[in-house]
1. Taking only the alpha-carbon atoms of region 194-333, what semi-axes of the equivalent ellipsoid follow from 5 times the gyration tensor eigenvalues under a square root, in whole Å, largest first?
2. Calculate what fraction, in whole %, of the accessible area of region 194-333 sits on carbon and sulfur atoms when a 1.4 Å probe is rolled over the protein chains.
3. Return a whole-number percent for the relative contact order of the chain, with Cα pairs under 8 Å and 6 or more residues apart as the contact set.
4. Return the FRET efficiency for the residue pair Asn201, Thr316: r is the Cβ-Cβ distance, R0 is 25 Å, and the value is rounded to the nearest 0.05.
5. Treating the beta-carbon of each Lys and Arg as +1 and of each Asp and Glu as -1, no other charges, what is the dipole magnitude of region 32-190 about its Cα centre, to the nearest 20 debye?
6. Divide the volume of the convex hull of the Cα atoms of region 32-190 by its number of residues and quote the answer in cubic angstrom per residue.
7. Picking from Ala277, Thr191, Val52, whose Cα lies most toward the positive end of the charge dipole for the chain (charges on Cβ: Lys, Arg +1; Asp, Glu -1)?
8. Rounded to the nearest 10 Å², what accessible area does Asp91 show when all protein chains are kept and the probe is 1.4 Å?
Amino acid sequence: MKNVKFNKKVYVLLAFAAAWSFFAFKKREVYLNFEVPKHWPKPVVHPPHNRVNIDAFSLGKKLFNDPILSKDNSISCASCHLNFSAFTHGDHAVSHGIYGLKGTRNSPALFNLAWSKNLMWDGRVETLESQPINPITNPVEMASKMEDVIEKLNHSAIYRKLFYNVYTDSQITQKMLLNALFQFDVMLVSTNSKYDSIQRNEQGVQFTNEELRGYEIYKKNCAACHPEPLFTNQGFENNGLPFDTALKDYGRAAITGKSSDSFYFKVPSLRNVAVSAPYMHDGRFSKLKDVIEHYNTGTIHSNKVSAKLNKNMQLTPQDKKDLVAFLNTLTDKAFLYDVKFRAEVQ
Ligand code: HEC
Ligand code: HEC
């Protein structure tokens, strides 16, 4: 009897000791949650268990901001994707990469990428995780070779340590690099605009009359291609832009080889559109009012133009103002100024 009691005590003590050493020596894991708002569609990809380890996220962010990924260590992802402009490149119609070379397309805003069924203006990239290979190896963007980037990273004691912390492997591989960038990209979720507060019935937040009228104009003329809540139908459409004879960009057709896809481009989201100028695949418009004027009076008449486009919008000057007022409610300041996305905050 006595013996049994003694044994029990020992077991309890041992259990306490084991628990103590587990908590004392195991590094505390901190996670960021990936949240899907109510009534939103399922994301196409999401991090395992809908959370990202903070060390992995920080590593992804460091890489996103580090010119080490480019051939001459001059251009980072953030050179073309800046956080205050919803990760697009304000004032640059087409992207500017290494050696001052110009690309042919506008740098898109980056957010809600987890819901993106297609990446790039022509949808040529299928997964978010593999996407960085494109800019890293693109001769007018970062002009590197993947093996050179991996070698440079392996030469850095800091990176070896940071990668080890996340992947418990001291040999950095391409897979690890892509995974770390994915962990950052996937967390760029923008769901906190005034529009969203109103959808969530938050107290004290209401549309003004102007915004409300703009919302109706949007539903009538824009929602067919830019539907709520993502403000994109995730598809490819031709929205009647006159062809740019200098850039000669045929859009989706260059990927599928089908002439019916000529001048079809990925429908971008209208979220944060007030801060993500210039607009369209070639950045041809610098103001929202120019975009609206295009839809109102500037669309070309051709059988290639999407049937979803209302070719006779007849917007009055007041309608156009109201529409801009509504589009402004899609700006998510909490996202734009979120310190966790800033390069300098580790
Ligand atoms: C020189 C400018 C430039 C650099 C550097 C750059 N990007 Fe981009 N990014 C672009 C442009 C332009 C596109 C659109 C390309 C196209 O459609 O052909 C794009 C597209 C994307 C997309 C697809 C977005 C969508 O909605 O389809 C993602 C994601 C992205 N970039 C992430 C990155 C990451 C990560 C890096 C760094 C490894 C990076 N970019 C470096 C200019 C750049
Ligand atoms: C037929 C489908 C369709 C309709 C309807 C439509 N759009 Fe678009 N929208 C697109 C496509 C496709 C693009 C990208 C086109 C390109 O770059 O070549 C685009 C691009 C935009 C952009 C540029 C966003 C960016 O990040 O560059 C804005 C702003 C915009 N649309 C606003 C509107 C508004 C406002 C309406 C209603 C008045 C509207 N759209 C109606 C398909 C449509």
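1. They are 28, 16, 14 Å, listed largest first.
2. Ligands and nucleic acids excluded, carbon and sulfur reach 52 percent.
3. Values: 547 pairs, mean separation 66.6, N = 346.
About 19 percent, as a whole number.
4. 0.20
5. The calculated dipole for region 32-190 is roughly 220 debye.
6. Dividing the Cα hull volume of region 32-190 by its residue count gives 112 Å³.
7. Val52
8. 150 Å²
The values are calculated or read from the model by the stated rules, or taken from the named source; none is laboratory data. Keep in mind that what you see is a predicted model, and the values were worked out from it rather than measured. Here Cβ is always computed from backbone atoms with ideal geometry, including for glycine, and neighbour counts include all displayed protein chains. Side chains are part of the model used for accessible areas, which takes the heavy atoms of the whole protein and leaves out ligands, DNA and RNA. Shrake-Rupley method; radii C 1.70, N 1.55, O 1.52, S 1.80 Å.
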